[in-house]
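A quick write-up on the structure given underneath.
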Amino acid sequence: MNVYDSERMGDLAAGAGYGEAARAEDADLIVLNTCHIRERASEKIFSELGKLRALKEERARSGRRTTLVVAGCVAQAEGAEILRRQPAVDIVVGPQSYHRLPELLREARVRPGVVDTDFPPEDKFSYLPAAPPDAIRRRGVSAFVTVQEGCDKFCSFCVVPYTRGAEASRPLRAVLDEIAHLAQAGVREVTLIGQNVNAYHGTDGEGRRAGLAGLIRAAASVPGIARVRYTTSHPADMSDDLIEAHRDAPALAPYLHLPVQSGSDHVLRSMNRRHTAAGYLDIVARVRAARPDIALSSDFIVGYPGETGADFDETLALVRTVGFASAYAFKYSPRPGTPAADMPAQIDAATKERRLAALQALIEDQRQAFNRASVGRRLEVLFEKPGKREGQIAGRSPYMQAVFAEGPASLIGALEQVEIVAAEAHSLRGRVVAPAS
Ligand code: SAM
Ligand code: SF4
């Protein structure tokens, strides 16, 4: 979502007369779009700001002005505190008010140190300019489209409901117009994004409600769009019609990122996750019945307050039962203002570290096994960019695996049948079968 927001802020800056600079040293405007989800992400911002302050001073010595903006969820959570810790910052703007960036830039020119962390009544999306076609082409043939923001789930460990606000969906028409605009500039794949994307509930032109499945089907029918993905989903919102779409919407990629966080019901209850381990396995079984080859991915938190060795073993057991194509594991990071941060029985750093290593090793084994099983198969690859080596092109399989092949740059943007010949450390190597040109 931050990638998407950064692009939209880029579009706003372009409208205000800015072009893209190749290096920070050449930039008159620097926006740090920040993440508050874990402590380390948050703290990185302040060390980065220290470096940017030096850069700003250096540029000032040669008479160049630099405007420094902190956007995103750290901006939302810390507000004016950012100006106190780093006075070189000119603007602090939260994720719900960045559509005001052009006027904030004008204001900061007169009076640096502007803070806007409102949740304004207007819908920011209707104030965002459409991306210029050359910017869309530069960003590539696969694009993100935010369809839903915020979250009402209030998992005990998570800051999202506080930084991104209440759950809200964009109207179906607005999303489809944006996708059509992207497709006209060459986009072939869209990933519909939201903190809780399967809670999507837009309305169509006649005021009827449309869920994520309806939106996926409509997005797939936009001329030029060949593939649709969505992320991130919550198990409690995994509706029957969304599962059905995995059976019968051919453009919907067979890949599902469905965070479970833990395999222990005791931990899941304390996390306020609203699902059990068995409930999660039941969803996995239903999704696999609809689409047997689906690649599954998830998020896990280890060392959540009160997590015992037995709880953690249940997480490992769940991973073994499901068999993931990929997954992300994080050490629990206490976030100020969330209920879990004040819970007793916080887990020590060494235990968190040990559990993280064990879980990541298991996930890595499963990822490699999944990739090895692709060798010898033909997969449809959407080529997205030149590869690292001369004459190579790179893309993604339907299952989100990175695939490299020898081929002409003219295949970028094309969906091609690729025979997978080897599984390397982080990608697959393939051979394009009868390229179109
Ligand atoms: N909405 C998604 C869901 O329902 O799981 C995830 C959103 S969150 C931005 C992405 C992931 O960050 C979560 O799935 C969780 O695993 C992780 N996360 C969130 N808060 C965390 C915390 N306090 N410590 C460690 N990991 C955290
Ligand atoms: Fe955070 Fe996801 Fe839980 Fe919402 S559902 S509170 S975004 S982890």
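The values are calculated or read from the model by the stated rules, or taken from the named source; none is laboratory data. Just so we're clear, the structure is a prediction, and the values are computed from it rather than from any experiment. FYI the Cβ positions are ideal-geometry reconstructions off the backbone, even for glycines, and counts take in every protein chain you see.
Restricting attention to the stretch 24-48, the residues that are assigned to a helix (DSSP H, G or I) and surrounded by fewer than 19 Cβ atoms within 10 Å (Cβ to Cβ) add up to 11. Here is the figure for the stretch 318-333: residues that are more than 7 Å from ligand 1 (Cβ to nearest atom) and either buried (at least 18 other Cβ atoms within 10 Å of the Cβ) or in a helix (DSSP H, G or I) (or both) total 10. A residue that is β-branched (Val, Ile, Thr), in contact with a helix residue (DSSP H, G or I) (Cβ under 7 Å, 6 or more places away or on another chain), within 16 Å of ligand 1 (Cβ to nearest atom) and farther than 13 Å from Ala219 by Cα occurs somewhere in the stretch 163-174. A residue that is without any contact (Cβ under 8 Å) to a residue 60 or more places away in the chain and surrounded by fewer than 18 Cβ atoms within 10 Å (Cβ to Cβ) can be found somewhere in the stretch 65-75. Does at least one position in the stretch 109-132 carry a residue that is buried (at least 22 other Cβ atoms within 10 Å of the Cβ), over 30 Å from Ala219 (Cβ atoms) and among the small types (Gly, Ala, Ser)? So far as the stretch 109-132 goes, no, none of its residues is buried (at least 22 other Cβ atoms within 10 Å of the Cβ), over 30 Å from Ala219 (Cβ atoms) and among the small types (Gly, Ala, Ser). Can you tell me which residue is farthest from the chain's Cα centre (by Cα) among those in the stretch 105-137 that are modelled with pLDDT of 95 or more and of a type in the set (Asp, Glu)? Filtering the stretch 105-137 for residues that are modelled with pLDDT of 95 or more and of a type in the set (Asp, Glu), the one farthest from the chain's Cα centre (by Cα) comes out as Glu107. If you go through the stretch 193-206 and keep only what is within 16 Å of ligand 2 (Cβ to nearest atom) and either of a type outside the set (S, T, N, Q) or farther than 17 Å from Ser233 by Cα (or both), you end up with Ile193, Gly194, Val197, Ala199, Tyr200, His201.
Give the number of residues within the stretch 136-153 that are surrounded by 15 or more Cβ atoms within 10 Å (Cβ to Cβ) and either within 17 Å of Glu20 (Cβ to Cβ) or of a type in the set (A, V, I, L, M, F, W, C) (or both).
Of all residues in the stretch 136-153, those surrounded by 15 or more Cβ atoms within 10 Å (Cβ to Cβ) come to 136, 139-151, 153.
Add one more test, that the residue is either within 17 Å of Glu20 (Cβ to Cβ) or of a type in the set (A, V, I, L, M, F, W, C) (or both), and what stays is 136, 139-141, 143-145, 147, 151.
Total meeting the criteria: 9.
At least 2 residues being touching a residue at least 24 places away in the same chain (Cβ under 8 Å) and more than 23 Å from Met1 (Cβ to Cβ) is the threshold, and among the helices (runs of 4 or more DSSP H) wholly inside the stretch 197-281 those reaching it are 240-248, 265-270.
The residues listed here are Pro336, Pro292; of these, the one that is modelled with pLDDT under 95 and either in a loop (DSSP other than H, G, I, E, B) or among the aromatic types (Phe, Trp, Tyr) (or both) is Pro336.
Scanning the stretch 334-351 for residues that are within 10 Å of ligand 1 (Cβ to nearest atom) and not polar (S, T, N, Q) turns up Pro334, Arg335, Ala340, Ala341.
Residues of the stretch 184-196 that are part of a loop (DSSP other than H, G, I, E, B) and either touching a helix residue (DSSP H, G or I) at 6+ places or on another chain (Cβ under 6 Å) or away from ligand 1 (no atom under 15 Å from the Cβ) (or both): Ala185, Gly186, Val187, Arg188, Gln195.
One residue stands out in the stretch 141-160 among those that are more than 16 Å from the chain's Cα centre (by Cα) and not polar (S, T, N, Q): the one that is nearest to ligand 1 (Cβ to nearest atom), namely Phe157. Exactly one residue out of Asp365, Asp342 is farther than 18 Å from Val267 by Cβ and modelled with pLDDT of 95 or more: that is Asp365.
Can you work out which of the residues in the stretch 280-310 that are within 20 Å of Thr231 (Cβ to Cβ) and more than 24 Å from the chain's Cα centre (by Cα) is surrounded by the most Cβ atoms within 10 Å (Cβ to Cβ)?
Looking only at the stretch 280-310, we keep the residues that are within 20 Å of Thr231 (Cβ to Cβ), and these are 280, 283-284, 286-288, 290-291, 293-301.
Within this subset, residues satisfying the condition of being more than 24 Å from the chain's Cα centre (by Cα) are 286, 290.
Details: Arg286: 14, Ala290: 17.
Filtering the stretch 280-310 for residues that are within 20 Å of Thr231 (Cβ to Cβ) and more than 24 Å from the chain's Cα centre (by Cα), the one surrounded by the most Cβ atoms within 10 Å (Cβ to Cβ) comes out as Ala290.
Of all the criteria given as (1) modelled with pLDDT of 95 or more; (2) surrounded by fewer than 22 Cβ atoms within 10 Å (Cβ to Cβ); (3) within 28 Å of Asn272 (Cβ to Cβ); (4) away from ligand 2 (no atom under 16 Å from the Cβ), the one not satisfied by Arg209 is (1).
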